[in-house]
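Okay, structure first, notes after.
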Amino acid sequence: MIIILKNGASKESVDKLIASVQHHGVEAHTIVGSDTTVFGLVGDTSKVDIELLEQNEIVEAVRRVSEPYKLVNRKFHTADSEIGVGNALMGGKHFGVIAGPCSVESEEQIIEVAKRVKAAGATFLRGGAFKPRTSPYAFRGLKAEGLRLLLEAKKETGLPIVTELTSLTNIDLFNDVDVIQVGARNMQNFDMLWELGKCKKPILLKRGASCTVQDLLMSAEYIAAGGNEDIILCERGIRTFENATRNTLDLSCVPVLKAKTHLPVVVDPSHATGMASLVAPMAKAAVVSGADGLMLEVHNNPACALCDGMQSITPDTFESLMADVKRLCEFEGKI
Ligand code: PEP
Ligand code: MN
């Protein structure tokens, strides 16, 4: 971290400033230029409050030169992390495909979709049992019964399950779930992230609709700091002024994230675009952007889906998309 001082600061106020950073165990190295004085802070600056420093009357500006996230930072862990369940991995050379309906609606629905996506090459089954809905009057999921049906579908197909935890109060119901999803709305539920740090399962962390890449990495750092480094990041579209699509798919965040972190990055073009016709083109673009996997909403009857039918592709579309994804993965050197 670098602190640039205003001209004419008194020695007394400079000494006070140095003492305040030394209080956090950080050394301040002084660089005196012809018209500016700069301090370079050396040591762990994670406890130094930038906003507080910026408000100091002798400070012109403060710049971070190292990132506030450490455990998820590629600088300290250069190799790609490979995260998943058994042979179903994401990261490094491994490409994963999480597919299934937005929400679990019935036994027939989830089992039929699970069989179809498995046959086409999906490596994980998704399906919401607890649904975070904008309207309290919308279908909010089958809850515990939905989790039971997901486990039935897992028994039928062998596909590991990814499903969303919307509240820590339900965590005891998730013992047999393979990957716990933290949805966009809970990405900054720091108490939840901290608790998930104590759990021994991979966490799929979806980017909040108004969150930056650094916000996402800091949320991942919460889980890692809690003790769980098995984290998969998911770009699912952000809120912008554009309203032609449900959200704006920020595909450039994929190579940005891949440079900053060793964690795998998955793209969800279903929630990002909100339109079934856009899912296949953006899924293919995601593979080429360097993503380690896809999350796709697939429904056997999108027109009658209880949630997100507009953006759900059919099993037939999924099958033809998977043929293209496989070719693109070969091109990208992924398996
Ligand atoms: C979902 O995956 O069904 C979901 C609700 O996603 P998001 O949190 O990205 O909106
Ligand atoms: Mn959905």
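Details
- For region 191-335, the dipole from Cβ point charges (+1 on Lys and Arg, -1 on Asp and Glu) about the Cα centre works out to 120 debye, to the nearest 20.
- By the Kirkwood approach, averaging reciprocal distances over each pair of separate Cα atoms, the chain gets a hydrodynamic radius of 21.4 Å.
- Average Cα contact separation per residue, region 163-251, under 8 Å, 6 or more apart, as relative contact order %: 25
- Solitary cysteines of the chain, where the nearest other Cys Cβ is not under 4.7 Å: C199, C211, C234, C253, C304, C329
- Exposure proxy order (Cβ contacts within 10 Å, fewest to most) of D308, D268: D308, D268
- Under a Gaussian network description of the chain, with springs only between Cα atoms under 10 Å, the residue in L159, L52, L216 that fluctuates furthest is L52.
- Summed side-chain charge close to S10 - residues other than S10 whose Cβ falls under 14 Å, Lys, Arg +1, Asp, Glu -1: 0
- Inter-label distance for S66 and Q22, nm, one decimal - labels placed 7 Å from Cα along Cα-to-Cβ: 2.1
- Looking at region 170-291 alone, DSSP beta bridges between its own residues are antiparallel in about 10 percent of cases.
- Karplus 3J(HN,Hα) series, Hz, for region 127-138 with 6.51 cos²θ - 1.76 cosθ + 1.60 (x for Gly, Pro): x, x, 9, 10, 10, x, 9, 5, 9, x, 8, 7
- Added length on full extension, which subtracts the Cα-Cα distance from 0.36 nm per residue, D176 to Q55: 38.6 nm
- Radius, Kirkwood style, for region 139-249 when every pair of distinct Cα atoms is counted (Å): 14.8
- Region 27-60: GluC sites (Glu not before Pro) in DSSP loop, at most 15 other beta carbons within 10 Å: E57
- Per-residue [θ]222 nm for the chain (sum of -39500 (n - 2.57) over DSSP H runs n ≥ 4, rounded to 500): -10000 deg cm²/dmol
- Span-like helix ranges in the chain, DSSP H, alpha carbon extent 30 angstrom or more, Kyte mean at least 0.5: none
- Proxy reagent accessibility, fewest Cβ within 10 Å first, across Y137, Y69: Y137, Y69
- Summing charges over neighbours of K198, with a neighbour being any other residue whose Cβ is under 14 Å away from its Cβ, gives -3 when K and R count +1 and D and E count -1.
- When the pairs K93/K326; K200/K258; K198/K260 are compared against a 20 Å limit on Cα-Cα distance, K200/K258; K198/K260 fall above it.
- Taking a quarter of the surface of the Cα convex hull of region 2-63 gives a mean projected area of 3.7 nm².
- I31/D191 FRET efficiency (R0 30 Å; Cβ-Cβ; nearest 0.05): 0.15
- Percent of beta bridges antiparallel (DSSP, the chain, rounded to nearest 5): 40
- For a straight C-alpha distance cut-off of 12 angstrom, the aspartates and glutamates reachable from K334 (same-chain residues fewer than eight places away being disregarded) are D292.
- Charged-residue dipole, Cβ positions (Lys, Arg, Asp, Glu), region 2-63 about Cα centre, Debye nearest 20: 100
- Based on alpha-carbon atoms, the Kirkwood radius and the radius of gyration of region 107-153 give Rg/Rh equal to 1.04.
The numbers here are math on the coordinates, done by the rules we state, and not lab data. Just so you know, these numbers come straight off a predicted model, no measurement behind them. Cβ sites come from the backbone with ideal geometry, for glycine too, and all protein chains shown count toward neighbours.
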